[in-house]
1. Which of Gly51, Gly15, Gly24 moves the most in a Gaussian network model of the chain with Cα springs under 10 Å?
2. Treating only the Cβ atoms of Lys and Arg (+1) and Asp and Glu (-1) as charged, compute the dipole magnitude of the chain about its Cα centre; round to the nearest 20 debye.
3. Where does the range 2-66 land on Rg(C-alpha)/(2.2 N^0.38 Å)?
4. Within the range 33-68, list the GluC sites (Glu not before Pro) lying in a DSSP loop whose Cβ has at most 15 other Cβ atoms in a 10 Å radius.
5. Helix-derived [θ] at 222 nm for the chain: sum -39500 (n - 2.57) over DSSP H runs of at least 4, divide by residue count, nearest 500?
6. Counting pairs of alpha carbon atoms under 8 Å apart in space and at least six apart in sequence, what relative contact order in percent does the chain give?
7. If I stretch the segment between Phe32 and Trp11 completely, what's the gain in nm (0.36 nm per residue apart, minus their alpha carbon distance), one decimal?
Amino acid sequence: MESWTLAGDDWRSVGNKSGATRPGFALLLKFFEAEARFPQRAEEIPPQAVGYAAEQVGVETEEFGHYS
C-alpha cells in the first residue's frame, strides 16, 4: 500500500481534480512512479489500489470506471 499512498506534492497534483479524474489521475501518478511508464490497460492497476486511491481522494471506487 505504501507505493499507492498519496503524500506531499501528490496532493497538490490531485487536489484540483474532481469526479473520476481524482482517482484516475492519482492512480496514473503512482503507477508511473513505480513502473516508470503509464499503464496500457486499466487491468494493469490492481483492484485493491483502485479502492485505496478512491478512499484517499474521497470518491466512490466505481468512479474510476468512468475515467478514460
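1. In the Gaussian network model the winner is Gly15.
2. Working: 6 positive and 11 negative charges, 45 e Å.
Taking the Cα centre of the chain as origin, the dipole is about 220 debye.
3. 0.98
4. Numbers: sites: Glu33, Glu35, Glu43, Glu44, Glu55, Glu60, Glu62, Glu63; in loops: Glu60.
Those that pass, being in a loop and sparsely packed, are Glu60.
5. Details: 3 runs with 32 residues, N = 68.
Calculated mean residue ellipticity at 222 nm is -14000 deg cm²/dmol.
6. Values: 64 pairs, mean separation 27.1, N = 68.
Value for the chain: 40 percent.
7. Working: separation 21, 0.36 × 21 = 7.56 nm, distance 1.56 nm.
Difference between extended and current length: 6.0 nm.
Quick note: the coordinates plus some simple rules give every number you see, no bench work behind them. In this text, all values refer to a predicted model and were calculated from it rather than measured experimentally. We place every Cβ from the backbone using ideal geometry, glycine too, and count neighbours over all the protein chains shown.
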